[in-house]
Each structure stands twice: as structure tokens, then as C-alpha cells.
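The values are calculated or read from the model by the stated rules, or taken from the named source; none is laboratory data. The structure presented is a predicted model; accordingly, all values stated were derived computationally and were not measured. Quick reminder, even Gly has a Cβ in these numbers, built from the backbone with ideal geometry, and neighbours come from all protein chains shown. For accessibility, only protein heavy atoms count, side chains too; no ligands or nucleic acids. Shrake-Rupley method; radii C 1.70, N 1.55, O 1.52, S 1.80 Å.
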Amino acid sequence: MPGIVIVGAQWGDEGKGKATDLLGSRIDYVVKFNGGNNAGHTVVVGNEKYALHLLPSGILTPGVTPVIANGVVVDLEVLFHELEALTARGVDVSRLRVSANAHIITHYHRTIDKVTERFLGKRQIGTTGRGIGPAYADKINRVGIRVQDLFDENILRQKVEGALDVKNHMLVKIYNRRAIAVDEIVDDLLSYVERLRPMVADTALELHEALERDEIVLFEGGQATMLDVDHGTYPFVTSSNATSGGASTGSGVAPNRIDRVIGIVKAYTTRVGAGPFPTELFDESGDYLRATGFEFGTTTGRPRRVGWYDAPIARYAARINGVTDFVLTKLDVLDDLDTIPVCVAYEVDGVRVEEIPVSQSDFHHAKPIYEEFPGWKQDITGCRTFESLPKNAQDYVLALESMSGSRISVIGVGPGRDEVVVRHNLLP
Ligand code: GDP
Ligand code: IMO
Ligand code: MG
């Protein structure tokens, strides 16, 4: 039975939380496999609004077992803060499992994230400042602290000493900051041990056993395809694999256990932080999309950069992830527009190119070639079937579908849990 992956098809904030919520009651496990508390998922359930960063949004569905898998970087302060906040609102979080192999974000990772960004000046990435990049850098450099290290104080101390060795030289001599004491870090990490212990597990084994029992395991990607460290707009990316391949390496579930890949794509495009964005708008249409779509970061509150739908990006995401179904979100945000431009290809140095150029410099100055679609000038938030959508809205969706490399199975027509039009069921 299915392993299902949800991934962002653009630069994040496509509404992945809502897609998880939609699959809801049929899911047994929901797995976060990449990133950390750089993510921000807003989920609206009835009159309640939840903003989650580290925890997968599936934690809101009763009966689901949420898993923080090995590919995640965990800030323990944030973990317990989110768990306490949900418990206070009556959400049962007792099933949470945390991989013994997940890496820990510590105080020094957050500090280094901030000082390196400042040091980069004009070249900065615009990170969320949560220590994500430095924690992954330590993992790859083999000086990371893993969840399991917390349970052996001697090992923990040695590892923290090793990790701080070079970093303190760097902090003091290059960045003009104070050195960080080993004890300060060790004491802080040890303060979480007893609360953490019951959650820690061999999550790869548990997920394997769940799939063997024919249970449904949903992998919820943080960030998105264009922010993937390998396949995104490097270096303006996050430091993990946010594409569907990351679900496998980030959880220990083999690729052939994954049956479906659901790509979440907005009916227009947004991006937070620096980097290329061909369809970006700087005029009043941009202001309109930002205000109507409420495009302000869940994590940092920054206004999101906004632009029109970019079909080559959707096609790229379909290819890289093996998207079987798209969920097209926020179609309702376009309700009042007279015409809606869609980027169908780019012009690079006077030449029309159909796909994302492999050269980053070409992508930086790629100019979108637009096709215009007539708006529908009607409120669609009450629509629940494809046939009840205005004809122009149907045509817009069908046009995007034909350009985007996979079928559009669900359409979001409002932020609420039920505000969707289902064309094809996401679960068999
Ligand atoms: P994520 O990071 O991909 O989980 O997405 P975010 O939660 O950061 O941003 C998506 C926002 O869009 C959230 O505030 C959702 O409540 C909202 N949203 C999701 N689907 C729809 C939709 O179909 N229409 C509207 N108007 N809002 C939506
Ligand atoms: P969700 O899961 C949008 C962006 C940051 C920055 C870059 C690197 O809500 O879609 P990082 O702190 O990860 O090192 O920052 O990635 N970024 C996101 N943008 N949505 C996200 O998550 C993001 N997570 C990171 O703005 O440009
Ligand atoms: Mg988000």
C-alpha cells in the first residue's frame, strides 16, 4: 500500500499543509523528511488557524502518527514549544516519533546563520535565520550532533567540543563575536533529554513495518523544488533535498515503496528571499496578488515576492519529482482579474527557450513569454465541482494542466479545509 509524497513545485508556500490536511483521516503516518523550522505551514481547520514550523502539519489529524525522520534538522527548543502550544489547544501530540539519526540545530548554528548572512552583504541568500544551513553543513562535514548523541553525555561533550573547535576561532577572529562555551551547549541539550527519550525511535524501521502492514504513509516535504539544494536555483536555495528523492534518503524508505507524488502548485508564483524569479511583478498587479493572497511569510513575516504562473517551472517540477498529481492552490486569489498572464516559455538573449535553462546566468536574465487568459470576475470560493466553476476558470485550469506535465487533480478555492474542488481522488 501506498507511500505518498507531497512536494512544493515552486519556491515554497504553495499550500502543502492544506494538501496534507485534505488526505486527512485516511493517513496512518505523516513524515517530515527534510528541512527544519524554516518551513511555515498555515492550516485552517474550521475557525481555528494553526501555524506550524517544525512539526509536520499532519499532526493536526487525529489518529495519525507524525514522524520527524532522519533527514530533518531539529531545534529542540522549537520542538517542545510547538508541542506545548498544540497540547494547550487540545491537539493530541503523544504519538510523535523522532528519528535517532536526525541532526540537532544548536545555538551556534543559529548564530552562524545570522553572522554569515550579514557578512555576505549584497550576496546574501535571505535565509530564515534558523540555523538550517550551518546544521546541514555540520552533517555533511561529519561534525553534526545527532538526536542519539544526547543519550550519552560523554559522547555528546566530545562531539560538541569537536564542533565548536574551529567555529569558535571563526566566530571570534572573523565575525568578531564571543566564543561559545561547550558547557553552555551541553547543558542546554541535556535539559531536553528526559522529555525527548520516549519519542526517539528507529523511524526507518517503523515506517517499513507500517508499509508492510498496508498502512498509508505520507511524506510531507518542506520548502520546494526550486529551493532544493541540488535541483533548485543554487545558491539561492535551502540546504536540503526538498524534492521527492529526499523523501527516500530523508526517511530510510526505499524509492520503490513510493507510489504517488503530489506536487503542490499555486495558481501564480511566490518566493521569499533572494534569487532569480522570471515572472516577478513590481507593479500594482503584484501588490494585488500579495494583498489578496495574503503573501507574507509564516516564519519570518516578510512580504513574499509575487509573480504570474510559470509553466516551465511546473513542468520541471513534474519531471524532477515524478509528479503524478498536481494540487493547484489559491485559484480564488485570481477571481477579480480581467486577464491572467501565464509564462509559457522564456526568451534568453533573443532566443525562445521552452524549458528552464541549465545555466544559472541564463535563468537570471530569462524574460518570460506570456500567454494571456481571460479572467472570470466571479467569486469561486463556494464552488465544489469542476463543472460549477465559471467557464473561464475551467479553461485556465485546463490550459495550465496541458502545459504543466501532469494532471491537476485538486483545485484550491479558499483557505479552509473544505474549500477544494476534487477532480481525481488523491488516494486510490
Ligand atoms: P506551505 O508552506 O506550502 O504549507 O504553505 P503556507 O501555509 O506557507 O502558505 C499557504 C497559505 O495559503 C496558507 O495561509 C493557506 O491557508 C492558504 N491557502 C491554501 N490553499 C488555499 C486556497 O486554495 N485559497 C486561498 N485563498 N488560500 C489558500
Ligand atoms: P515552506 O515549507 C519559502 C527560503 C528562505 C531563503 C532560502 C534559504 O513554508 O514552503 P534557509 O533558512 O532554509 O537556509 O533559507 O530558502 N525558504 C523558504 N521559502 N517557504 C519555505 O518553507 C522556506 N524555507 C526556506 O526564504 O530564501
Ligand atoms: Mg510556508
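Report in % the part of the accessible area of the chain that belongs to carbon and sulfur, leaving out ligands and nucleic acids; probe 1.4 Å. Of all accessible area on the chain, carbon and sulfur atoms account for 51 percent.
Loop-located trypsin sites (Lys or Arg not before Pro) in the range 165-200 (DSSP state other than H, G, I, E, B) with a sparse environment of at most 12 neighbouring Cβ atoms within 10 Å: Arg178. Counting charges near Phe119 (Lys, Arg +1; Asp, Glu -1) among other residues having Cβ under 12 Å from its Cβ returns a value of +3. Suppose we flag chymotrypsin sites (Phe, Trp or Tyr not before Pro) only when DSSP calls them loop and at most 12 other Cβ atoms lie within 10 Å. Which is the longest uninterrupted stretch of the chain? My reading of the result: 1-281 is the longest stretch.
Exceedance of the 22 Å cut-off in Cα-Cα distance is limited, within the set Lys139/Lys167; Lys49/Lys391; Lys266/Lys367, to Lys49/Lys391. Centroid-to-centroid, using Cα positions, the range 122-144 and the range 56-95 are 23 Å apart. Using a cutoff of 8 angstrom between alpha carbon atoms and counting only pairs six or more residues apart, the relative contact order for the range 243-310 works out to 36 percent.
For the pair Glu280 and Val422, a Förster radius of 30 Å applied to the C-beta separation gives a FRET efficiency near 0.45, rounded to the nearest 0.05.
Applying a DSSP loop filter and a limit of 16 other Cβ atoms within 10 Å to the trypsin sites (Lys or Arg not before Pro) in the range 80-160 leaves Arg89, Arg95, Arg142.
Surface exposure of the range 1-113, expressed per residue as accessible area with a 1.4 Å probe, stands at 29 Å².
Each Cα pair under 8 Å and six or more residues apart adds its sequence gap; the mean of these over the residue count of the range 103-194 is a relative contact order of 26 percent. Axis of helix 107-120 versus longest Cα principal axis of the chain: the two differ by about 50°, to the nearest ten degrees.
The ratio of the alpha-carbon radius of gyration of the range 103-194 to the globular-protein estimate 2.2 N^0.38 Å is 1.08.
If you roll a 1.4 Å probe over the heavy atoms of the protein chains, what accessible area per residue do you get for the range 265-422, in Å²?
40 Å²
Local charge for Pro66 was computed over the other residues whose Cβ lies under 10 Å away, with Lys and Arg +1 and Asp and Glu -1, and equals +2. Placing +1 on the Cβ of every Lys and Arg and -1 on the Cβ of every Asp and Glu, with no other charges, gives the range 265-422 a dipole of roughly 520 debye about its Cα centre. Secondary-structure-derived ellipticity at 222 nm for the chain, considering helices only, amounts to -9000 deg cm²/dmol, per-run term -39500 (n - 2.57) for DSSP H runs with n ≥ 4. The relative contact order of the range 265-422, computed from alpha carbon pairs under 8 Å that lie at least 6 residues apart in sequence, is 26 percent. Taking only Cα atoms of the chain, what ratio of Rg to Rh do you get with Rh as the Kirkwood inverse-distance radius? Here Rg/Rh amounts to 0.97.
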